[in-house]
2 protein chains.
Amino acid sequence: MIEYLGPKEEQILHAAMQVFVEKGRHGARMQEIADRAGVNKAMLHYYFRSKDNLYATIFRMVLGRYARQFRLSIDTSADVETILRRFIDGFLEMLNRHPRLPMFIVRELSEGGAIVGRVVGEMIEEGIFTVPRTMLHIIEERRDRGEIENVDDAVQFVVTLLGGCVYFFIAEPLIGVIFPMEENDRDAFVAARKEALFRHLYLGIKKRGDDS
Amino acid sequence: MIEYLGPKEEQILHAAMQVFVEKGRHGARMQEIADRAGVNKAMLHYYFRSKDNLYATIFRMVLGRYARQFRLSIDTSADVETILRRFIDGFLEMLNRHPRLPMFIVRELSEGGAIVGRVVGEMIEEGIFTVPRTMLHIIEERRDRGEIENVDDAVQFVVTLLGGCVYFFIAEPLIGVIFPMEENDRDAFVAARKEALFRHLYLGIKKRGDDS
DNA sequence: GTCTATATCTCGATAGAC
DNA sequence: GTCTATCGAGATATAGAC
């Protein structure tokens, strides 16, 4: 699975990732990738044949990092409150470090979702992209065990959770216009978001009368 | 404000809307718009000067419909439960009728958000795009009045609400892969989503011990 | 493996006849 | 107002010398 790449190849991949994530698949220019990698444009084709091929490589890479990074945030043995808290904290923290990631994926989804679907499907089979399903199973199990309530449909809960985490990073410019904020500080907003999202979601499924 | 357009102009706008919404700003081809409108390509430039100009016109149109349609869904005098329920129902219903709308806007956001920001800003000033702020004020007022609790930051609540509604329509292909469903029926999923989203969000802010 | 030069293609835009 | 023909920018991709 691990391939050993020459230094040029890695420089290209590094530059390509930056440019593709910033500009998107169509907005990216091979010339710019070459410039940033400090290599000749022809080299890109020598190593990666075509732009589409280079893009597909990058897409896998990026999604892989994405998946690996937030797989760490689940501890199956903890209680729901802790699991939810850590998941939201970890996920939002990761997104805050890579705020363009959601948009990168969404752009690709806007092309019809074929590539995303295929790559994610493969990653699920390979056990790399596991978190959403793990979360689903945890929620279902804890509900059946009586630890939480009001979760008729666990899939819906997880979708709300994921959307709650990701949405801000997609709609940020829009949110900035709709709700003008004094301090235009993303870090502060994300910190507040962690707290608020956890409370809204957890209080919705916490057992009533359980004020421990 | 209302301009009277010739029939050709309307045909072009109609076709342009379809193509831009389907393919996005860059994916759209002037040739395809002309073909679908049943006019010559040169006519597009005669009426709208440039592709960018045509796109901007369409973007305003689409966002305007969007805004107008979901402005209807708020009744300020009702209680929070009703308001929230109607908002979610109305919004999801509208999105279900126009499932490409969120992606259309998000694509434009991915270009940097300049156009979206400007257009939405203007619409807010013109009183067309009012719903999110209205929702915010309602939540704040009801919290201060003691009708709901656990809403330290009303902006965060509204962001969660909007994200909860919109996210599915953006990530649909991804969700389909992550959570394979027996019945691949969007209508059913959206119906379930209405119910689940309302419950999760409302139970999170409902007063404890208020089981009316 | 690397670089220059160029082929080839797509697409928005326009000139100019009618 | 409408159409045909074409320009020209900008991009990917490749040929071919070194």
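Computed from the coordinates by the stated procedures, all read-outs in this text should not be read as laboratory data. Treat the numbers as computed from the prediction; the structure is a model and nothing was measured. Don't worry about glycine lacking a Cβ; one is built from the backbone with ideal geometry, like all the others, and counts go over all protein chains shown.
Need pairs with beta-carbon distance below 6 Å; first residue farther than 21 Å from A:ARG107 by Cα and within the range B:15-32, second more than 9 Å from DNA strand C (Cβ to nearest atom); sequence gap 6+ or separate chains.
B:ALA15/B:ARG36; B:ALA15/B:ALA37; B:GLU32/B:VAL19
Under the condition of being within 13 Å of DNA strand D (Cβ to nearest atom) and touching a residue at least 12 places away in the same chain (Cβ under 8 Å), which residue from the range B:46-60 is surrounded by the most Cβ atoms within 10 Å (Cβ to Cβ)?
B:PHE48
Checking the condition without any contact (Cβ under 8 Å) to a residue 24 or more places away in the chain, of a type in the set (A, V, I, L, M, F, W, C), buried (at least 18 other Cβ atoms within 10 Å of the Cβ) and more than 16 Å from DNA strand D (Cβ to nearest atom), which residue from A:LEU109, A:LEU84, A:LEU63 passes?
A:LEU109
Out of all the residues in the range B:18-74, which are near DNA strand C (Cβ under 10 Å from one of its atoms) and among the charged types (D, E, K, R)?
B:LYS23, B:ARG25, B:ARG29, B:GLU32, B:LYS41, B:ARG49, B:LYS51, B:ASP52
Residues checked against (1) touching an Asp or Glu at 6+ places or on another chain (Cβ under 9 Å); (2) of a type outside the set (S, T, N, Q); (3) more than 23 Å from A:PHE104 (Cα to Cα):
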{"residue": "B:ALA67", "(1), (2), (3)": "no, yes, yes"}
{"residue": "B:SER73", "(1), (2), (3)": "yes, no, yes"}
{"residue": "B:ASP89", "(1), (2), (3)": "no, yes, yes"}
{"residue": "B:ARG97", "(1), (2), (3)": "no, yes, yes"}
{"residue": "B:ILE105", "(1), (2), (3)": "no, yes, no"}
{"residue": "B:VAL131", "(1), (2), (3)": "no, yes, yes"}
{"residue": "B:MET135", "(1), (2), (3)": "no, yes, yes"}
{"residue": "B:ILE138", "(1), (2), (3)": "no, yes, yes"}
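If we scan the range B:201-208, do we find a residue that is part of a loop (DSSP other than H, G, I, E, B), facing chain A (nearest Cβ under 8 Å) and surrounded by fewer than 16 Cβ atoms within 10 Å (Cβ to Cβ)?
Taking every residue of the range B:201-208 in turn, at least one turns out to be part of a loop (DSSP other than H, G, I, E, B), facing chain A (nearest Cβ under 8 Å) and surrounded by fewer than 16 Cβ atoms within 10 Å (Cβ to Cβ).
Out of everything in the range B:1-45 that is β-branched (Val, Ile, Thr) and assigned to a loop (DSSP other than H, G, I, E, B), what residue ends up being farthest from DNA strand D (Cβ to nearest atom)?
Of everything passing the filter in the range B:1-45, B:ILE2 is farthest from DNA strand D (Cβ to nearest atom).
If you take the residues of the range A:146-182 that are among the aromatic types (Phe, Trp, Tyr) and within 8 Å of chain B (Cβ to nearest Cβ), which of them is surrounded by the fewest Cβ atoms within 10 Å (Cβ to Cβ)?
A:PHE179
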